[in-house]
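Inspection log for the structure reproduced underneath, given as structure tokens.
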Amino acid sequence: MGQFIDLTAKDGFTFPAYVAEPAGTPRGAVVVVPEIFGVNSHIRSVADGYAADGYLAVAPSTFDRVKPGVELGYSDDDMKTGFGYKTAVEALPAPGVLQDLEAAIAYASKAGKVGIVGYCWGGLLVWRAAALLPGLAAAAPYYGGGMTTPEESARQPKVPVLAQFGNRDHWIPLDTIEAFKKAHPEVEVHVYEADHGFNCDQRGSYNAEAAKPARERVLAFFAKHVG
């Protein structure tokens, strides 16, 4: 349904992004920020899904500054590899990969207002983007790894945020989610009977009973704030 294009960040760095176009006039745009596995078949299918719902969908590569062309699966080895790349990206001098997200947002804005959604590490990047980047109308992080830590929770989002978590996620303890909710009463938070990665139908932790209402909530959220 979509295709890869090249985008260029403010510092001149060029990187690929998967773009899926809606059938008719876009109702707005959604930037889809991947997990630690790259813009793989699952993330492309997520982008295709948002395009089917009427949005211009843009899924930027978040690893290219340290390793071009990453597309991983979900094995233990893939997990270790992806975590290593994520660690390397997080170690880049600021603003690091956020400038690539900013370029994706700018490209997406040709379709109108822009929402941003992300999963796992992508959820953390979405939370940072909501606080730091211009051009967004709404942000929807899924199980953002690290976003409930005191350091990340201290950020103040500039746009409406819908955050979703699983209560069996050992990467994001429930007590930190509760603390995040108290720190951010302005953020709409939903917690499901689910594990980390519950949205990904290629992972063993996939949970349709959580993924379906979570996606419906994001679509309603974007309909309200994006178009």
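The numbered conditions (1) hydroxyl-bearing (Ser, Thr, Tyr); (2) out of contact with any strand residue (DSSP E or B) (no Cβ under 9 Å at 6 or more places or on another chain); (3) within 21 Å of Ala220 (Cβ to Cβ) are all true for Tyr50 except (2). Please tell me if Arg44 is buried (at least 17 other Cβ atoms within 10 Å of the Cβ), over 14 Å from Phe222 (Cβ atoms), out of contact with any Ser or Thr (no Cβ under 7 Å at 6 or more places or on another chain) and at pLDDT 95 or above. So Arg44 fits the description; yes. For segment 1-39, the set of residues classified as within 17 Å of the chain's Cα centre (by Cα), at negative phi and part of a loop (DSSP other than H, G, I, E, B) consists of Pro34, Glu35, Ile36, Phe37, Val39, listed by residue number.
Of the candidates Pro173, Pro185, the single residue that is closer than 13 Å to Ala163 by Cα and either open to solvent by less than 50 Å² (accessible area, probe 1.4 Å) or of a type outside the set (Val, Ile, Thr) (or both) is Pro185. Consider Pro22 carefully, then state whether it is open to solvent by 10 Å² or more (accessible area, probe 1.4 Å) and within 14 Å of Gln3 (Cα to Cα). Yes: the conditions hold for Pro22.
Gly197 meets each of the listed conditions (1) open to solvent by less than 40 Å² (accessible area, probe 1.4 Å); (2) under 23 Å from Val31 (Cβ atoms); (3) part of a loop (DSSP other than H, G, I, E, B); (4) out of contact with any Lys or Arg (no Cβ under 6 Å at 6 or more places or on another chain) apart from (4). The set of residues in segment 101-123 that are in a helix (DSSP H, G or I) and surrounded by fewer than 24 Cβ atoms within 10 Å (Cβ to Cβ) comprises Glu102, Ala103, Ile105, Ala106, Tyr107, Ser109, Lys110, Ala111.
Which of the residues spanning segment 59-100 are in a loop (DSSP other than H, G, I, E, B), among the basic types (Lys, Arg) and surrounded by fewer than 17 Cβ atoms within 10 Å (Cβ to Cβ)?
Kept after step one, since they are in a loop (DSSP other than H, G, I, E, B), are these residues of segment 59-100: 61-70, 72-75, 91-97.
Next, only the ones that are among the basic types (Lys, Arg) stay: 65, 67.
Matches in segment 59-100: Lys67 only.
Summed over segment 51-66, the residues that are within 16 Å of Ala17 (Cβ to Cβ) and without any contact (Cβ under 8 Å) to a residue 40 or more places away in the chain give a count of 1.
Residue count for segment 185-203 under the criterion of being more than 19 Å from the chain's Cα centre (by Cα) and touching a residue at least 24 places away in the same chain (Cβ under 8 Å): the result is 2.
The values are calculated or read from the model by the stated rules, or taken from the named source; none is laboratory data. Fair warning: this is a prediction, and the values are worked out from it, not measured in the lab. Cβ: placed from backbone, ideal geometry, glycine included. Neighbour counts: every protein chain shown. All accessible areas refer to the heavy atoms of the entire protein, side chains included, with ligands and DNA or RNA removed. Shrake-Rupley method; radii C 1.70, N 1.55, O 1.52, S 1.80 Å.
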